[in-house]
Amino acid sequence: LTVLGIESSCDETAVAVLRSSGEEEAPDILSSVISSQIAIHRQHGGVVPELASRNHSADLPGVIRSACREAGVTPADIDVFGATAGPGLVAALLVGNSTAKALALATGKPFVSVNHLEGHLLSPFVKRPKGPVPHLGMVVSGGHTLFVDVRGVGDYRLLGRSLDDAAGEAFDKVGKMLGLPYPGGPEIDRMAARGNPEAFSFPRALIKEATANVSFSGLKTAVLYKLPKLTESGNPHDLAEQTLCDLCASFQRAVTDVLIRKALYALRLSGHRTLSVSGGVSCNRELRTRLQEICAREGVELILPDFDLTTDNAAMIAYVACLKARRGLFHSLDEDVDPNLKLTEDLNRSKYSTH
Ligand code: ATP
Ligand code: MG
Ligand code: FE
């Protein structure tokens, strides 16, 4: 089964071609091409929706061509076309989604609408034989923080989430406050390595409460209120380099403390002994290292995606399309995109149709 997946929900235009010979073996990623618009949006300090969709439109044909060339296929060799249908920016989603439908229409092949969050959730399993196992999945991305009881492919129960900012969003907003370039996550990760995580004491909301929910808006505000106390101007560019590193390290320690505590809490709720972590924040070195130590100590199996599968990519989208196609679950070409698609919504099987 050869699957072509398209991702265009935010600021990455991505196309991947996967070939799968069955669920016993991991699929071959024949190509996974990503054209990032980060440099464009960086000038504006964040993603500008109108610019994102225009750039997807301009870049997608070339990205499809590169992905096919690298994989050694033409659209006629593809058995299934999959594309992200949400959540994301509506005008950005429409570009990739409509293009995949047009390819499916032209070649007479089936189409699968993919939930971007299911892509992140299952991304740690792309390179593993036998595919997804029942486990607790923590999705920590730019727009979402979810603790999900994964009972099987398409069988998800939400155990916890962020009540306000997502983990990645908190990294990006704090990065902006500290005068770091967009996106803040990788910058903070780098600077934190040279800082003292105990230099500042920042709040860890809900950490002792009996809940798998998290909240990062108080932490973000605490960093904001700290700044004028550290420079007379309140301008982050006037901060000493070491102070900046200490702020990053202390902020990052607070976020990782909360995520780790709640992952273990949700794990207990779910009854699983396997934990996966996905989404851009799963790149974070402190989060990865601490989770590896704690899981080893607690006898919990930890499954982390390779770095190339953490932030937005199309291999995870093609992977979900492949898993659905194997179960005979396809979508009609009338299926719309949904900027607010929930992880558990597209489980409504009546939305799927046979090809
Ligand atoms: P969503 O999937 O929820 O729609 P998104 O697609 O924008 O959001 P991803 O591409 O999964 O999110 O991840 C991007 C986020 O990951 C950004 O917020 C970025 O700052 C964060 N991030 C990337 N690398 C790191 C890192 N090393 N440490 C912390 N955060 C990171
Ligand atoms: Mg992105
Ligand atoms: Fe994402």
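The values are calculated or read from the model by the stated rules, or taken from the named source; none is laboratory data. Every value quoted in this text rests on a predicted model; they were computed, and no experiment measured them. No Cβ is skipped: glycine too gets one built from the backbone with ideal geometry, and neighbour counts run over all protein chains shown.
Observations on the structure shown:
- Scanning segment 30-46 for residues that are β-branched (Val, Ile, Thr) and surrounded by fewer than 17 Cβ atoms within 10 Å (Cβ to Cβ) returns ILE38, ILE40.
- Applying the criterion of being part of a loop (DSSP other than H, G, I, E, B) and of a type in the set (D, E, K, R) to the residues of segment 161-194, the residue that is nearest to ligand 2 (Cβ to nearest atom) is ASP165.
- The residue that is farthest from ligand 1 (Cβ to nearest atom), among those in segment 145-172 that are farther than 27 Å from TYR182 by Cα and among the small types (Gly, Ala, Ser), is GLY152.
- Restricting segment 28-44 to residues that are within 20 Å of the chain's Cα centre (by Cα) and not in a helix (DSSP H, G or I) leaves a set whose member that is farthest from VAL320 (Cα to Cα) is GLN37.
- SER9, sole failed condition from (1) within 16 Å of ligand 1 (Cβ to nearest atom); (2) part of a strand (DSSP E or B): (2)
- One residue from ALA83, ALA104 being more than 16 Å from ligand 2 (Cβ to nearest atom), under 19 Å from ARG326 (Cβ atoms) and part of a helix (DSSP H, G or I): ALA104
- Only one of VAL281, VAL300, VAL320 that is in contact with a strand residue (DSSP E or B) (Cβ under 7 Å, 6 or more places away or on another chain), within 22 Å of ALA192 (Cα to Cα) and surrounded by 16 or more Cβ atoms within 10 Å (Cβ to Cβ): VAL281
- Top-ranked residue in segment 117-134 [being part of a helix (DSSP H, G or I) and of a type outside the set (Ser, Thr, Tyr); ranked as nearest to ligand 3 (Cβ to nearest atom)]: HIS120
- Restricting the search to helices (runs of 4 or more DSSP H) fully inside segment 241-355 and requiring at least 1 residues that are small (Gly, Ala, Ser), more than 16 Å from ligand 2 (Cβ to nearest atom) and in contact with a Pro (Cβ under 8 Å, 6 or more places away or on another chain) gives 241-270, 315-326.
- The single condition from (1) in contact (Cβ under 8 Å) with a residue 40 or more places away in the chain; (2) surrounded by fewer than 21 Cβ atoms within 10 Å (Cβ to Cβ) that PHE171 fails is (2).
- Filter pass, SER233 being surrounded by fewer than 17 Cβ atoms within 10 Å (Cβ to Cβ) and of a type in the set (Ser, Thr, Tyr): yes
- Residue satisfying condition, being modelled with pLDDT under 95 and among the β-branched types (Val, Ile, Thr), within set VAL48, VAL80, VAL112: VAL48
- Subset of segment 211-235 [among the aromatic types (Phe, Trp, Tyr) and within 16 Å of PHE171 (Cβ to Cβ)]: PHE216
- Flag if ALA52 is assigned to a strand (DSSP E or B) and within 16 Å of ligand 3 (Cβ to nearest atom): no
- Residue within segment 314-335 that is more than 20 Å from the chain's Cα centre (by Cα) and polar (S, T, N, Q) present: yes
- Within this structure, LEU18 passes the test of being surrounded by 22 or more Cβ atoms within 10 Å (Cβ to Cβ), over 18 Å from the mean Cα position of the chain (by Cα) and either away from ligand 3 (no atom under 16 Å from the Cβ) or part of a loop (DSSP other than H, G, I, E, B) (or both).
- Criterion (on the phi > 0 side of the Ramachandran plot, within 16 Å of ligand 1 (Cβ to nearest atom), touching a Pro at 6+ places or on another chain (Cβ under 8 Å) and modelled with pLDDT of 95 or more) met by exactly one of GLY88, GLY142: GLY88
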